[in-house]
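The values are calculated or read from the model by the stated rules, or taken from the named source; none is laboratory data. Just so we're clear, the structure is a prediction, and the values are computed from it rather than from any experiment. All Cβ positions, even for glycine, are placed from backbone atoms using ideal geometry, and neighbour counts span all protein chains on display.
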Amino acid sequence: MTQTDMLSSDQEDLRMLRESARTLFERAGGSGRSRKLRDADGGWDADMIRELAEAGVFGVTVPEDNGGLGMGLAAGGVIAEEVGRVIAPEPVVVTVGLSLGLLRRLCPDHAKMEQLVGGTTVLAVAWQERGPNGGPAEATCRYADGKLTGSKAWVVGAVGADGFLVVADSDAGPVLVLAEAKASGLSLEKSPQADGSAMGELSFSGTPAEQLADGAAVQDALADAVSDATALAAAELVGLSDRAFEITLDYIKTREQFDKPIGSFQVIQHRAVDLHVMREVAQAGVREALAQMDSEADPKIRARLASRAKARAVRAAKKITRDSIQLHGAVGYTDEFDIGLYLNRALVLSAWLGDDAYHRRMWFDAREEEGAAQ
Amino acid sequence: MTDWNAMSDAEFRKEVRGFFEAEYPEELRHLPHRPKFAEIEHWHVKLHAKGWVAPAWPAEFGGMGLNAAKLLIFYEEQQRWGVNRGRDMGIQMVGPLIIKFGTQEQKDYWLPRILSCEDIWCQGYSEPGAGSDLANLRTRADIEGDEFVINGQKIWTTMAHDATHIFMLVRTDPDAPKKQQGISFLLAPMDQPGVEVRTITTLSGETEFCEVFFDNARTPKANLVGELNKGWTMAKALLSFERIFIGSPSLAQNALGQLESFARGRGAFDDPVFRDRFAQAALDVEDHAALYGRFADQLKRGETLGADVSMLKIWVTECFQRITELMIEAAGPDGGTIGPLQVGNVNVDVLASFYKARPTTIYGGSNEIQRNILSKAVLGLPG
Ligand SMILES: Cc1cc2nc3c(=O)[nH]c(=O)nc-3n(C[C@H](O)[C@H](O)[C@H](O)COP(=O)(O)OP(=O)(O)OC[C@H]3O[C@@H](n4cnc5c(N)ncnc54)[C@H](O)[C@@H]3O)c2cc1C
């Protein structure tokens, strides 16, 4: 029996998905395309969004009945890894994890579902708020009489989005509302990011918005969608780390000093091995966490698994991208070499949705809580 | 004869677990030191009667004949229950070598004696000048009549003071063009005038390994295993399964369990810095287990493992060390205290765990050597 015969059909599906996503990104120009977009205006490419949609990317975790592929988070992770490998700026994790993560749980029949899956619209999700000391604070944004008032921070994918899914408070409790990007009374302030993208700070003053859902279900769906997005961001970092290491390995094999490739020096070799091991552990751990999330319904356990994934992925990506700069020498410190693009994207993805220290805390607390409950 | 491989993994695991839990002597669980044979003989007798002494050997030689998947389960259960591996150098190293390269007479004579522990073996590879660079070994064996005459010294020979026989790599052709050539694999009795054993006290105060001196010691020519001067390649051939076993998560998992109950008892989790480091160690173990699973699946599919498997050993041994270092931190002012420390109703021997973790990065191919291997064989780095 050959190896492929022995692989389960699930694994075979994932392998094919990985191959088609990789081909799609490579044909579009790989990391070179991402650099061009960054140099243009830091946005994304609308044609690419449509191509990704045609390949089923956005609907990967959406049930087949709602027009998706129904393949689960592990498959979403496969795509996110490929996004990470070419540091593509398209908001794949935002769409799959957050906007569709919310809509498929709260209002699967809403017209926006089809548009998101079909790549004809992009929505960013706004739920966190900034407090007076600059850090995250209690949410105070209000929704009343069909209008939003307040502000939201750290909105990824805000620039270029057609609208915003906003979590706000109302007299009836938490609500999820949809505000169009062009709605009146909405202003968007861009906060430039290391990778050339921009995060959005939104403020609403009587901005008209459509209510999509209300009640405790909103908070539950938000928590679950954030877990999904966290895990997918971890997968994106795994793909990013994988490619960053490949670039570095190629470099140390070809760069010569003292009449030899620098990769023949033992200290360089051992550092390279450590990065390799880090990458393999991260890939195995993150993939396992995502697969376990697919077979887990308890939102707290899913959150713990997502924290495990993000804690690992951030730690690996930080180490790999930073050591990669060192192993490149001065060219690593230039904008011209691709390795820097990977470092910069890793910075942004690490800070988004919590870094490794944050997620170790979350993971530890969740584990304690589970232990106490037993 | 039971065909264990025909069982489902779950059934087999249950069978193995059931036997260990019912039969393994409680006082021998998680032994902190390497036992002499007399200390574990009563367990060995049970294991022998059950026919479970040699899980990896083919059934025709008295083994269990387990395939790789079942073997992993066997070892996982063994470690989970804290079952001592016993004096298994004969089982793990000599037996497989004789089975693969030995003559019929050698098989008939030695294998039953290994199984019954009538002969207890120690491994004589390392020498003062031949550690990581093992091929540099100089202990000589010269043919005189129908005997080999052995002169030289072995060192770090684990439990040589409690062994009846030694299997060794010796130089039989000093003029071979490469140092890996001219090495042979030889069996020799310890109880003879030309062999002197001196114990070496370890950091933890145990006598676990020895120096062995050979001064015109003798062994029959019939005790050469395989071809003369072909010992190096034979010894290498043994390593393949060993490489995943040495990278299995269980040592680190057990230590983590100890760390957790100890730290909880001591209130170390009140400190957020400690919590973070514990979380990091626990996640290191969890994610290592995921990677280990990937290699184990490869074995289960019948594939052979490549040099890449070395990364398991690197990661898990260093992780094991960090965990035991955290135990010492959690012990605070007791961090230098010998013997079990009482916390609540559990005893944790913090120093014993710490010491046990130290040599794991040295033996079985030091972690630096493993990094050399990975860098060349896996990453394809030059030089
Ligand atoms: C507890 C214990 C039990 C043992 N039991 C046995 C036994 O039963 N039988 C037996 O034969 N042997 C045994 N050994 C010996 C073991 O195999 C050797 O310790 C091991 O091969 C390393 O050799 P060494 O100690 O001479 O260290 P060395 O080879 O001198 O190494 C010293 C340091 O230098 C590093 N180093 C060496 N070469 C390189 C290189 N090329 N690149 C980078 N770094 C390098 C090593 O990693 C190490 O950190 C045992 C050792 C221990 C600790």
> Is the stretch B:168-186 home to any residue that is aromatic (Phe, Trp, Tyr) and within 16 Å of the ligand (Cβ to nearest atom)?
Replying inline: yes
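Can you find even one residue in the stretch B:234-254 that is within 16 Å of the ligand (Cβ to nearest atom), more than 14 Å from chain A (Cβ to nearest Cβ) and small (Gly, Ala, Ser)? Don't jump to the end; show me each part of the working.
Kept after step one, since they are within 16 Å of the ligand (Cβ to nearest atom), are these residues of the stretch B:234-254: B:234-236, B:238-239, B:242-243, B:245-246, B:251.
Imposing the further condition that a residue be more than 14 Å from chain A (Cβ to nearest Cβ) reduces the set to B:234-236, B:238-239, B:242-243, B:245-246, B:251.
With small (Gly, Ala, Ser) added as a condition, the list becomes B:235.
Yes, the stretch B:234-254 contains a residue that is within 16 Å of the ligand (Cβ to nearest atom), more than 14 Å from chain A (Cβ to nearest Cβ) and small (Gly, Ala, Ser).
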> Between a first residue in the stretch A:355-374 that is at the interface with another protein chain (Cβ under 8 Å from one of its Cβ atoms) and a second residue that is among the hydroxyl-bearing types (Ser, Thr, Tyr), which pairs have beta carbons less than 6 Å apart while being 6 or more apart in sequence or on different chains?
Replying inline: A:Trp363/A:Ser307
> Looking at (1) at pLDDT below 95; (2) more than 16 Å from the ligand (Cβ to nearest atom), which is the one condition that is false for B:Thr207?
Replying inline: (2)
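If we scan the stretch A:1-13, do we find a residue that is under 27 Å from A:Leu343 (Cα atoms), in contact (Cβ under 8 Å) with a residue 60 or more places away in the chain and either not in a loop (DSSP other than H, G, I, E, B) or not assigned by TED's automatic domain parsing to the domain that holds A:Ala158 (or both)?
Within the stretch A:1-13, the first condition is being under 27 Å from A:Leu343 (Cα atoms), and the residues that meet it are none.
No: zero hits.
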> Which pairs have Cβ atoms under 6 Å, sit 6 or more apart or on different chains, and link a residue in the stretch B:114-130 that is without any contact (Cβ under 8 Å) to a residue 24 or more places away in the chain to one that is within 13 Å of the ligand (Cβ to nearest atom)?
Replying inline: B:Gly129/B:Asn136; B:Ala130/B:Asn136; B:Ala130/B:Leu137
> Between a first residue in the stretch B:336-365 that is closer than 19 Å to B:Leu31 by Cα and a second residue that is buried (at least 18 other Cβ atoms within 10 Å of the Cβ) and among the hydroxyl-bearing types (Ser, Thr, Tyr), which pairs have beta carbons less than 7 Å apart while being 6 or more apart in sequence or on different chains?
Replying inline: B:Ser353/B:Thr324; B:Phe354/B:Thr324; B:Ala357/B:Thr324; B:Thr360/B:Thr317
> Can you tell me how many residues in the stretch B:214-234 are buried (at least 20 other Cβ atoms within 10 Å of the Cβ) and of a type in the set (A, V, I, L, M)?
Replying inline: 3
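Restricting to the stretch A:229-265, give me the number of residues that are closer than 25 Å to B:His288 by Cα, within 11 Å of chain B (Cβ to nearest Cβ) and among the polar types (S, T, N, Q).
Taking the stretch A:229-265 as the starting set, the residues that turn out to be closer than 25 Å to B:His288 by Cα are A:229-249.
Pick out the ones that are also within 11 Å of chain B (Cβ to nearest Cβ) and you get A:245-246, A:248-249.
Subset that is among the polar types (S, T, N, Q): A:248.
Of the residues in that region, 1 qualify.
Please pick out the residue among A:Asp242, A:Asp224, A:Asp228 that is surrounded by 19 or more Cβ atoms within 10 Å (Cβ to Cβ), acidic (Asp, Glu), in contact with a Pro (Cβ under 8 Å, 6 or more places away or on another chain) and not assigned by TED's automatic domain parsing to the domain that holds A:Asp41.
Numbers: A:Asp242 fails: in contact with a Pro (Cβ under 8 Å, 6 or more places away or on another chain); A:Asp228 fails: in contact with a Pro (Cβ under 8 Å, 6 or more places away or on another chain).
So the residue among A:Asp242, A:Asp224, A:Asp228 that is surrounded by 19 or more Cβ atoms within 10 Å (Cβ to Cβ), acidic (Asp, Glu), in contact with a Pro (Cβ under 8 Å, 6 or more places away or on another chain) and not assigned by TED's automatic domain parsing to the domain that holds A:Asp41 is A:Asp224.
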> So is B:Val309 surrounded by 15 or more Cβ atoms within 10 Å (Cβ to Cβ), farther than 22 Å from B:Ile244 by Cα and of a type in the set (Val, Ile, Thr) or not?
Replying inline: no
>> Take the residues in the stretch A:245-288 that are within 16 Å of the ligand (Cβ to nearest atom), of a type in the set (Gly, Ala, Ser) and free of Cβ contacts under 8 Å to residues at least 24 places away in the same chain; name whichever of them is farthest from A:Gln11 (Cα to Cα).
In response: A:Ser264
> Which one of these does A:Gln269 not meet: (1) touching a strand residue (DSSP E or B) at 6+ places or on another chain (Cβ under 7 Å); (2) within 27 Å of A:Ala235 (Cα to Cα)?
Replying inline: (1)
> How many residues, within the stretch B:327-383, are within 14 Å of chain A (Cβ to nearest Cβ) and either within 16 Å of the ligand (Cβ to nearest atom) or on the phi < 0 side of the Ramachandran plot (or both)?
Replying inline: 19
> Restricting to the stretch B:332-373, what's the tally of residues that are more than 23 Å from B:Ser250 (Cα to Cα) and part of a helix (DSSP H, G or I)?
Replying inline: 5
>> Just to check your reading of the model, which residue among A:Glu64, A:Glu81 is within 18 Å of the chain's Cα centre (by Cα), under 21 Å from A:Leu17 (Cβ atoms) and acidic (Asp, Glu)?
In response: A:Glu81
> Where residues in the stretch B:257-293 are surrounded by fewer than 17 Cβ atoms within 10 Å (Cβ to Cβ) and within 9 Å of chain A (Cβ to nearest Cβ), which of them is farthest from B:Ile244 (Cα to Cα)?
Replying inline: B:Pro272
>> I'm told B:Gly302 meets every condition in (1) within 25 Å of B:Glu242 (Cα to Cα); (2) in contact with a Leu (Cβ under 9 Å, 6 or more places away or on another chain); (3) not charged (D, E, K, R) except one. Can you identify the failing condition by its number?
In response: (2)
> So which residues in the stretch B:292-307 are aliphatic (A, V, I, L, M), under 21 Å from B:Lys376 (Cα atoms) and assigned to a helix (DSSP H, G or I)?
Replying inline: B:Ala307
> Can you name the residue in the stretch B:83-122 that is within 10 Å of the ligand (Cβ to nearest atom) and modelled with pLDDT under 95 and, of all such residues, is surrounded by the fewest Cβ atoms within 10 Å (Cβ to Cβ)?
Replying inline: B:Met93
> What number goes with the only condition from (1) within 11 Å of chain A (Cβ to nearest Cβ); (2) away from the ligand (no atom under 16 Å from the Cβ); (3) out of contact with any Ser or Thr (no Cβ under 8 Å at 6 or more places or on another chain); (4) not in a loop (DSSP other than H, G, I, E, B) that B:Ser310 does not pass?
Replying inline: (2)
> Which ones in the stretch A:286-331 are crowded, with 19+ Cβ neighbours inside 10 Å, among the small types (Gly, Ala, Ser) and away from every other protein chain (no Cβ under 11 Å)?
Replying inline: A:Ala303, A:Ala306, A:Ala317, A:Ser324
